[in-house]
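The next block holds one structure in the form of structure tokens; read it before the comments.
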Amino acid sequence: MPEHTPGGPGDGAIAPTGAGGQMDIATEGAGPGPAPGGPQEGGFGQPRSLWSDAWHDLRRNPIFIISSLVILFLIVISIWPSLIASGNPLSCDLAHAQDGPSPGHPFGFNGQGCDVYTRTVYGARASVTVGVCATAGVAVVGSVLGGLAGFYGGTWDALLSRLTDIFFGIPVVLGGLVLLSVITSSTVWPVVGFIVLLGWPQIARIARGSVITIKENDFVQAARALGASDSRMLLRHIMPNAIAPVIVVATIALGTFISLEATLSFLGVGVKPPTVSWGIDISSASPYVRNAPHMLLWPAGALAITVLAFIMLGDAVRDALDPKLR
């Protein structure tokens, strides 16, 4: 029977090596344990999904945090502008026309004697409403049409391709001048409808390409072999995996749609008075930019910050959802 030597492998402390030396094989707290990064970072737990992994990255991205805070503030003042502006944006006094900042009126007055600060705060409502509603409409219409064309192919795909070519050939601003000039409504909904009408082809093409790629994967073919219906494959297997590029493009496009609304309102065919809009205020202030620059500075600055915040948010979401950028 072999003789047991102290400090040998049986003691779990030191083992002899082939080179005549000894190697310490003892470990503190031996046994399987979690990896240093925890189960979510490659330990023994389940790996994170695309969405949880993206959220993990977004929470640590300062660009996402800053842009989200700015957008949250804009949404709050769009819903409750009276929280930070107690005046009436339509209340004007010609005696104060083009006056500069004064106590109680930090941004001065416009050419009609209206308080620029109050109108700047209330102008966020039209821009944010147009951006959010138009983006939602574009995403839904484009995803449905593009998803169906990519899934079924054939005639549907060819028809969508030719239809998107037609819409891509329409200049957006010129189309707005033609279509919106005959509408007299002062609400934001004609502008929202126009943006959805001309904005869905881009989302449709992205959704189509994403669906074509996803439907060739093994898990979709397995679902088809098990007898899953077309609607189940689309809703349960394909779209949840194909929607990420659509979300990225839609988030970036939201800032573009806000800018488009301001452009159309500046030209007089978008949102019309008495609705308060940054584009309307920029248009009315442009003739007086040399004598009263404050009339143009504040609504233009608010518009620029809003568009920049949504574009920064879209860039952060793209970086988190695109595996190629990791």
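The values are calculated or read from the model by the stated rules, or taken from the named source; none is laboratory data. These numbers come from a predicted model, not from an experiment. With ideal geometry, Cβ positions are generated from the backbone for all residues, glycine too; neighbour counts draw on all protein chains shown. All accessible areas refer to the heavy atoms of the entire protein, side chains included, with ligands and DNA or RNA removed. Shrake-Rupley method; radii C 1.70, N 1.55, O 1.52, S 1.80 Å.
Quick one: which of 94, 69 is over 27 Å from the mean Cα position of the chain (by Cα) and either without any contact (Cβ under 8 Å) to a residue 60 or more places away in the chain or surrounded by fewer than 18 Cβ atoms within 10 Å (Cβ to Cβ) (or both)?
Values: 69 fails: over 27 Å from the mean Cα position of the chain (by Cα).
The unique qualifying residue is 94.
Condition check for residue 162 on (1) surrounded by 12 or more Cβ atoms within 10 Å (Cβ to Cβ); (2) over 25 Å from the mean Cα position of the chain (by Cα); (3) over 20 Å from residue 250 (Cβ atoms): one failure, at (1).
Of the numbered criteria (1) modelled with pLDDT under 90; (2) hydrophobic (A, V, I, L, M, F, W, C); (3) not in a helix (DSSP H, G or I), the one residue 95 fails is (3).
Taking the listed residues 247, 243, 238, the one that is under 23 Å from residue 135 (Cα atoms) and open to solvent by 50 Å² or more (accessible area, probe 1.4 Å) is 247, with no other qualifying. Here is the figure for region 174-190: residues that are open to solvent by less than 60 Å² (accessible area, probe 1.4 Å) and assigned to a helix (DSSP H, G or I) total 4.
Residue check: is residue 210 of a type in the set (S, T, N, Q), open to solvent by less than 60 Å² (accessible area, probe 1.4 Å) and assigned to a helix (DSSP H, G or I)? The answer is yes for residue 210.
Here residue 86 passes the criteria (1) among the polar types (S, T, N, Q); (2) over 19 Å from residue 303 (Cα atoms); (3) open to solvent by less than 70 Å² (accessible area, probe 1.4 Å) except the one numbered (3).
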